[in-house]
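Below you'll find the structure, written out as structure tokens, and then a few comments.
The values are calculated or read from the model by the stated rules, or taken from the named source; none is laboratory data. Because the structure is predicted, anything quoted here is derived from the model rather than measured. Counting neighbours? That spans all protein chains shown, and the Cβs are built from the backbone with ideal geometry, glycine included. Please note that ligands, DNA and RNA were not included when accessible areas were found on the heavy atoms of the full protein model with its side chains. Shrake-Rupley method; radii C 1.70, N 1.55, O 1.52, S 1.80 Å.
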Amino acid sequence: MTRAAFTEIARARSALWSLNPGTARPTWVKSGMGAKAAGLDFDDFHTWSATAPNYKSEADCRSVWNSFKDGAVTAASLFAAARAAGWSDGDEAPAMRPQSHQERRQQPEPSKPALHDPRVIWSACKLAPIEQEYIDRKRGLPDGLREYDGPLVIAGQACAGSLVLPCSTLAGELATLQFITRQGKKLFLPGCKLPPDACLIVGGPLKPEGVVYIVEGGGQAWSAHQATRQPAVVCFGVGRMASVAKALRQRHEAARLVVVPDVGKEDQAAAIAKDVHGAWVELPPELGKNGDLNDLHQRDGLTAVAALLERTKEHSQRFRLLTPADLAALPAVRWRVRGVLPLEGIAAVFGPSGSGKSFLVLSLLASVSSGAEWFGCRVVRAPVLYVALEGEAGISQRVKAYQVKNGRVADGFRFLL
């Protein structure tokens, strides 16, 4: 595709995605400065950065982004680094190139196709066999995955022979592709911007009230699914787990979301779980920094993975959202007054003024304080406190009238005016 076929913004985005975000920090910073000078926004920089294994946080990215000053590094540096990494956008001169940084920043978002169309490349791939090297090494599943056998080069890496993972929105729209090369490099298709909910579902479809495991990569997803037979969602990097989890909660309000982080990222997982009212697990620290669920699978087997995923942690919440299965598992109601007043809970007596509510409640509570049956209903005896929030002057008259008719109330009956 020649330069005239896409806008300057798309060209800059394509160049940025040809670079490795996991490089040394000074090189990463310089790439970001070039991207900003070329007119890309923070979302472009953060989405690209979040795919790196050494990604820290969105706050770190934003702090670095805000520190970039105009003129320190130009867009030419971005394109020069991209070409050195094997990127090429054709030989024609760019059409209508803006003359200043301000003009570049005001360019509208491109509406034309990305440099590489993920749908075209995906359709040209062949189905991945169970013997595929990465699948075999990770003890994974080939379901729905493919292999690429073409001339594509990303960040200087040949993609021929790569395992290809589709990255789609929760609505099913293919956003981009991840290539796992024979050397184990994980590369995204250049020029494709990842929506916040872009992910890969392993073992789906998702059930409205089912369990969903949220993981960084495909290996962890394979392990979680095989150990539990529940679906797992690949976020393609720890930096994307929060946005994917939030999108899942919005789409599946009753699902049980369980965040499964790598070793050393437990605090981040706990924060994500709190935000989406979900749960998280913590992996054994002896797996080492960035050790993951697939490492546990490799070391101890699927039984150990299943046992770990049962030991979820949750933030204490004032209210617990129950599923129909939770309701069915609740114990039977216990009664203070059989069929009328529960042993635990709240009851209300309501009716028009002057209908006798106070006398009815006084009679009910007198039976509770004495343990006597009330209108044929069995009663479990308990102390009673009658709090009179209104009509204080009339309470003594009602109690006197009750005792004239029924005798003295039990000693466990008290009043608060």
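A few notes on this one:
- Both numbers refer to the Cα atoms of the chain; Rg and Dmax are 31.8, 106 Å.
- Computed on the chain, with alpha-carbon pairs under 8 angstrom and 6+ residues apart, the relative contact order is 10 percent.
- Its residue count N sets the reference 2.2 N^0.38 Å, and the alpha-carbon radius of gyration of the range 166-206 equals 1.24 times that reference.
- A 1.4 Å probe run over the range 167-289, with the rest of the protein chains in place, finds 38 Å² accessible per residue.
- Seen from every direction in turn and averaged, the convex hull around the alpha carbons of the range 262-417 projects onto 15.4 nm².
- Exposure of Tyr55 as accessible area (Å², to 10), given a probe of 1.4 Å and all protein chains: 20
- The order of the peptides 11-22, 71-82 by mean Cβ neighbours within 10 Å, most packed first, is 11-22, 71-82.
- Area of Val349 that stays accessible when all protein chains are in place (1.4 Å probe, Å², to 10): 80
- Percent carbon-and-sulfur accessible area, the chain, ignoring ligands, DNA and RNA, probe 1.4 Å: 53
- Taken about its Cα centre, the chain carries a charge dipole of roughly 1260 debye when the Cβ of each Lys and Arg holds +1 and the Cβ of each Asp and Glu holds -1.
- Computed [θ] at 222 nm, helices only, for the chain once each DSSP H run of length n ≥ 4 contributes -39500 (n - 2.57): -10500 deg cm²/dmol
- Cα-based helix-to-principal-axis angle, 266-275 vs the chain, degrees rounded to 10: 60
- The alpha carbon centroids of the range 234-251 and the range 175-224 are separated by 10 Å.
- Computed about the Cα centre, the dipole magnitude for the range 330-417 is approximately 240 debye when only Lys and Arg (+1) and Asp and Glu (-1) carry charge, each at its Cβ.
- Farthest toward positive dipole pole in the chain [+1 Lys/Arg, -1 Asp/Glu at C-beta], among Leu308, Cys235, Ser162: Leu308
- Taking all protein chains together and a 1.4 Å probe, the residues Asp300, Asp117 rank Asp300, Asp117 from largest to smallest accessible area.
- Cα long-axis angle, helix 75-84 against the chain (0 to 90 degrees, to the nearest 10): 70
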